Amino acid sequence: MGLLDIVPSGVVTGKNLLKLFEYAREHGFAIPAINCTSTSTINAALEAARDIKSPIIIQFSQGGSAYFAGKGLDNKNQEASIIGAVAGAQYVRAVAKAYGIPVVVHSDHCAKKLLPWFDGMLDADEKYYKAHGEPLFSSHMLDLSEESKEENIETCLGYLKRMAAIDCWLEMEIGITGGEEDGVDNSGVDNAALYTQPEDIWDIYRSFKELTPLFSIAAGFGNVHGVYAP
């Protein structure tokens, strides 16, 4: 049985997203996640995925979202990033099914200082859900790894309750990812901080599992942003 016998082509959300991830795990393959900043980069990523018959994650960073909306816009209160991310997600929805592959629409790392961006995307998800019975985005990432474990879990849990109501997936991060991305520079942190402790993962799982199965934990295992030797 092939993947398209299990999940449809086009944007997948909710239970279909869970089925997609389970299929990838059972068949031992990773799903590429491509940060896109324009319709051209979205088209290129979708075309490449179609040609190799692979599902794909199209994702938007906070900075990439602002770029998508146009560098001439003021990004006060993350307004341009919200507009760009929502416009990007709407564009993916308009074309994804034509490529004949399952597509995940995701937002990338969101630190505490960027929460207005996250809130704006969730507002769009809830509005879309009311009209279509599913969120605009498949999933979002909250990266509160710079905060205390307690604050990280509490904040993510609050958002997860809101997201569970609309079948939207939450990816949260515990432990620090090295390197630099979107103005967050962890290149100087101690190497020990790059490894998530098993008990931290258990605390998160225990807190989240009663709400919904639609969540994942981005654990640090020494990985960093950027180019580095394996």
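Tell me, which residue of the range 99-124 that is farther than 24 Å from Asn43 by Cα and of a type in the set (Asp, Glu) is surrounded by the most Cβ atoms within 10 Å (Cβ to Cβ)?
Across the range 99-124, the extreme among qualifying residues is Asp119.
Need pairs with beta-carbon distance below 7 Å; first residue of a type in the set (A, V, I, L, M) and within the range 139-167, second loosely packed, with under 14 Cβ neighbours inside 10 Å; sequence gap 6+ or separate chains.
Leu144/Glu151
Among the residues of the range 50-72, are any in contact with an Asp or Glu (Cβ under 8 Å, 6 or more places away or on another chain), among the aliphatic types (A, V, I, L, M) and either closer than 22 Å to Asp125 by Cα or surrounded by fewer than 17 Cβ atoms within 10 Å (Cβ to Cβ) (or both)?
Taking every residue of the range 50-72 in turn, none turns out to be in contact with an Asp or Glu (Cβ under 8 Å, 6 or more places away or on another chain), among the aliphatic types (A, V, I, L, M) and either closer than 22 Å to Asp125 by Cα or surrounded by fewer than 17 Cβ atoms within 10 Å (Cβ to Cβ) (or both).
Can you tell me which residues in the range 60-83 are touching a residue at least 60 places away in the same chain (Cβ under 8 Å) and not in a helix (DSSP H, G or I)?
Ser61 - this is the single residue of the range 60-83 that is touching a residue at least 60 places away in the same chain (Cβ under 8 Å) and not in a helix (DSSP H, G or I).
Just need a number here: residues in the range 11-58 that are part of a loop (DSSP other than H, G, I, E, B) and either among the aliphatic types (A, V, I, L, M) or in contact with a strand residue (DSSP E or B) (Cβ under 6 Å, 6 or more places away or on another chain) (or both).
Result for the range 11-58: 7.
From the set of residues in the range 35-49 that are touching a residue at least 12 places away in the same chain (Cβ under 8 Å) and crowded, with 16+ Cβ neighbours inside 10 Å, which is nearest to the chain's Cα centre (by Cα)?
Among them, the one singled out is Asn35.
Assess whether Ala96 counts as being at pLDDT 95 or above, surrounded by fewer than 19 Cβ atoms within 10 Å (Cβ to Cβ) and either more than 14 Å from the chain's Cα centre (by Cα) or among the basic types (Lys, Arg) (or both). Reasoning before the result, please.
Numbers: at pLDDT 95 or above: yes; surrounded by fewer than 19 Cβ atoms within 10 Å (Cβ to Cβ): no; either more than 14 Å from the chain's Cα centre (by Cα) or among the basic types (Lys, Arg) (or both): yes.
In short, no.
For every residue, the table says whether it meets (1) touching a Cys at 6+ places or on another chain (Cβ under 8 Å); (2) at pLDDT 95 or above; (3) surrounded by fewer than 16 Cβ atoms within 10 Å (Cβ to Cβ).
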residue	(1), (2), (3)
Pro135	yes, yes, no
Leu142	yes, yes, no
Glu146	no, no, yes
Cys156	no, yes, no
Lys161	no, yes, yes
Trp169	no, yes, no
Glu173	no, no, no
Glu180	no, no, yes
Asn186	no, no, no
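The values are calculated or read from the model by the stated rules, or taken from the named source; none is laboratory data. In this text, all values refer to a predicted model and were calculated from it rather than measured experimentally. For neighbour counting, all protein chains shown are included, and Cβ atoms are generated from backbone atoms with ideal geometry for every residue, glycine included.
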